[in-house]
Every structure is written in C-alpha cells, then in structure tokens.
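Here's the structure we're looking at; comments come further down.
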Amino acid sequence: KNGNTPNMAYIFCFCLLLSTLSISIKAFQTNILPLHAFIRKQHITACKLNASSSAASSVVCVGEALWDALPDGIYLGGAPANVAIHLSELSGDTTEVSLAACVGMDRLGTEVQRRLELRGVSTLLQRSEAATGMVVAELSETGDATYTFDTPAAWDYLRATPELLQRARTASVVVIGSLAGRLGCDDGATSRDAICELRSVCQPDSVVLDVNLRAPWYTPEAVLDLAGGGETGGPLALIKVNDDELAIMEGWLNTSGTTPVETALGGEGLEKRMGALGRVLNAKRVCVTRGERGAALWCDDSDHESTTDTFAEHPGYPISKIGDTVGAGDAFLAALIRSLLLERESNDLALSRACAIGAYVSQCRGAVPRHVDAPE
C-alpha cells in the first residue's frame, strides 16, 4: 500500500516460479540425464561392435561352456569359455573373440550366452536337449580344485556346422580343448568328431591345443587324435600342458625317461623333454605350466632365420593371497596367445605376461574375474 511493501501477488508468483524451476530441474535429472547416459552407452556399444567387425585378428575358442559350482557360489566356466573371456578382456577391440559351444535349451544355457556377450565374447552357441553342463569343484586348503562333471551334458553334442567351419577357416587362432572330446560317437556324443573336423580346415600355424586331463574323462587315443588332427590336420601352433600332463603324454608316446635329466622340470632337461613332445606331435610350440614355479616355452624356429630351437623359462610371480586356482591356467593361456601369436612378442615377454595374469586370477574367486587391477 505504501510502495515499500512488496505486493503479495508478486511474492506468490515469484515462489511459484521457483517451485516450477525446481521441479523442472528434478525432471531433467530424473529423465533426461539417464536417457543421455543410455544413448551414450548404446553409442559406445555400437562403436565396439563396429571395431570388432573390422578387428585386425580373430580367435575362435571351441569346446565346453558350463557352470562351476564352488563352495561360495556358481560361476561361468569351462576352459575354452574362460580363455575366450580372458582374451576379450586382454585384447579389447583389436581382436574379435568367439566361443563355439553347445548348451542346453534351459535357463542356464540362456544365461551362458548372456554373460559371454556381457564380457565382449561373440557366441556361436548351439542348443541341445541335454542339460547345460555343471561341474562341482572341491577346493583344498591351498585353493587347488578337483572336479566332478555331470555326464552327459550339452557340451558333449557340439556339431561342425557350415557356419562354424567357415569361422574356423578364417580365424587367426583356433583354440580347442581336449576335455570336450571326452565322449566318443559310441556314447552318442558328437563333440570329438566335430572338433577334429574343425581342426582339419584351420589355417596353417593357427591351432592351439589346450590339454586338460581330468580323470576318468580322457583316453590316449582321443587326446592324441585331437593333437594330430587325423589324416588332414596340419601342425599345431601351440600345445599347452601342465607338468603332470607332460609326464602322462610322454608315457603314451614312449618319449619318457628315468634319469634326473629326463625327468627334469627346468633347464636343459626340460627343454629336451618339450622338444621331443613337440616333434612327435608336430607342434611348433610347447608350453609347460608348473604352478607356483612358473612356466616354460619351447619353440621350433626352423621356419625362421634361426635354425635352432628356442627355450624360455619364467619362475612365476608370488601370490599374496589365496583365492582359488580355477581358471588360472586358462587366463595364462589367453595372455600367452595374445602376446605370442597375435602380437608376436618375444618368448620371454609372452611368458612373463602369461605368468602375471595367471597369478592374478589365482588370487580371485571364480575362473573369469574382471581385470579391474590386473597386470598388463
């Protein structure tokens, strides 16, 4: 009334304006910002898909995808699946990584596909009326695992489809696991024959054999058939065994000895053992893992300027805490493949990288922890 007192209508309108502005800001935060984040996430995903489609190299892992039942939970597993996930983590957009496996027409099979794709792995999954594989892993006090497999399971029924054969023909590296050949056609299984057929169409110097001897699920004939690839299989680019598997395979091939040098797990003695295995199996590279004692790598360099074999060892890295050993060897192999076969780094550097990531995974729970703070 006197000109110095604000009109109440003005005050009311000003408060209403502030209230409306506050509501608008909250609406923007609630609706527009999440939408923007969603669009940005889709853009990043599309960029990754485009990058993978034009990746400089490709890897196809073939074999089992299953579930590991550990004391503290159920984790995605199976050696080829583990290798594929770790390779995807290590390679980023530079390598397209795929997994060829057979899962059941059940919820666990669908979850296998979902989790693989979340980890950046392209899936070449087939479906079977058999249940998706499950394995019960019992851990010792030191974290070492023993396994009991459901049998039969979906991963026993992989088929060599035209699409899968074409992917194998063009892949830079094809990783095959020996465990997937545990059952033969006499048991009604198809995976062993399918892997042998895939093995026969791969490019030269591209096949990696990951030997996993899990009693009673192997025979000398089945494992050696996968290693040789039948009548049409070419040389192996790499075969990986642990120290126990080396001794078992030496017995099959009559290359074992009894002297300290012939049974050595290091130095010149181990070099001779690995060279003998490589020559008999027509493998250009042999890797032997030795647990906490690291690993060794033998290479036949006769195709290069050098006419002699090369041999490298690494003592391994100390482990500060015990998680479990499940998947440590698969992470090791993934890092070795990336460094040695894709990046073409030196044998010493490849072994160092592989031992480092293997030690990292052995301190984690489950076979495929994310590489949040993993060594490069």
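Taking all protein chains as present, what is the carbon and sulfur share of the accessible area of segment 86-226, in % to the nearest whole number, probe 1.4 Å?
Values: 2960 of 6060 Å².
Reported share for carbon and sulfur atoms: 49 percent.
Dipole magnitude for segment 172-329: about 360 debye, using +1 per Lys or Arg Cβ and -1 per Asp or Glu Cβ, origin at the Cα centre.
Full-extension gain between L118 and T146, please, as 0.36 nm times their residue separation minus the C-alpha to C-alpha distance.
Numbers: separation 28, 0.36 × 28 = 10.08 nm, distance 2.82 nm.
Result: 7.3 nm gained on full extension.
In this structure segment 225-264 gives 46 Å² per residue of accessible area when probed at 1.4 Å with all protein chains present. About its Cα centre, what dipole magnitude does segment 258-376 give when the only charges are +1 on Lys and Arg Cβ and -1 on Asp and Glu Cβ, stated in debye to the nearest 20? Charge dipole of segment 258-376: 440 debye, to the nearest 20. Of all DSSP bridge pairs formed entirely within segment 230-302, close to 50 percent run antiparallel.
Once you have the Kirkwood Rh of segment 206-325 from its Cα pairs, apply Stokes-Einstein at 10 °C and 1.306 mPa s and quote D in µm²/s. Spell out each step's value before the answer.
On the way: Rh = 15.1 Å.
It diffuses with D of about 105 µm²/s by this estimate.
Segment 102-140 and segment 258-321 have Cα centres spaced 34 Å apart.
Which order, highest average first, do 312-323, 240-251, 330-341 follow once you tally other Cβ atoms within 10 Å for each residue and take the mean per peptide?
On the way: 312-323: 14.8, 240-251: 18.5, 330-341: 26.9.
Listed from highest to lowest mean packing, they are 330-341, 240-251, 312-323.
Computed about its Cα centre, the charge dipole of segment 158-248 is approximately 320 debye, with only Lys, Arg, Asp and Glu carrying charge at their Cβ. Rounded to the nearest 10 square angstrom, W67 shows an accessible area of 10 square angstrom against a 1.4 Å probe.
Between V372 and R107, the modelled labels are 2.7 nm apart [label points 7 Å from Cα along Cα→Cβ].
Distance from the C-alpha centroid of segment 75-94 to that of segment 150-218: 17 Å, rounded to the whole angstrom. Average accessible surface for segment 91-205: 45 Å² per residue, computed with a 1.4 Å probe over protein heavy atoms with every protein chain in place.
Using a 1.4 Å probe on the protein chains only, how many percent of the accessible area of segment 337-376 belongs to carbon and sulfur?
Details: 740 of 1760 Å².
Summing carbon and sulfur atoms, their accessible area is 42 percent of the total for segment 337-376.
What percentage of all Cα-Cα pairs in segment 253-374 are separated by more than 24 Å? Above the 24 Å cut-off, segment 253-374 has 31 percent of its Cα pairs.
The label-point distance for R279 and E343, in a model that sets each label 7 Å from Cα toward Cβ, rounds to 3.2 nm.
In summary, the convex hull built on the alpha carbon positions of segment 84-141 has an orientation-averaged projected area of 5.1 nm². As a rough guide to protection, the peptides 216-222, 117-123 ranked by mean Cβ packing within 10 Å, highest first, stand as 117-123, 216-222.
Assuming 0.36 nm per residue, please report the length gained on full extension of the stretch E138 to R159 beyond their Cα-Cα distance.
Details: separation 21, 0.36 × 21 = 7.56 nm, distance 3.09 nm.
Stretched fully, the E138-R159 segment lengthens by 4.5 nm.
I want the antiparallel fraction of DSSP beta bridges within segment 77-200, as a percent rounded to 5. Taking every DSSP beta bridge with both residues in segment 77-200, the antiparallel ones total about 40 percent. The length gained by stretching the chain between D187 and D205 to full extension, at 0.36 nm per residue less their Cα-Cα distance, is 3.3 nm. With a Förster radius of 51 Å, plug the Cβ-Cβ distance of R214 and A56 into 1/(1 + (r/R0)^6) and report the FRET value to the nearest 0.05. Approximately 0.90, to the nearest 0.05.
The values are calculated or read from the model by the stated rules, or taken from the named source; none is laboratory data. Just so it is clear, the structure is predicted and the values come from calculations on it, not from any experiment. No Cβ is skipped: glycine too gets one built from the backbone with ideal geometry, and neighbour counts run over all protein chains shown. Only protein heavy atoms, including side chains, enter the accessible area calculation; ligands, DNA and RNA are left aside. Shrake-Rupley method; radii C 1.70, N 1.55, O 1.52, S 1.80 Å.
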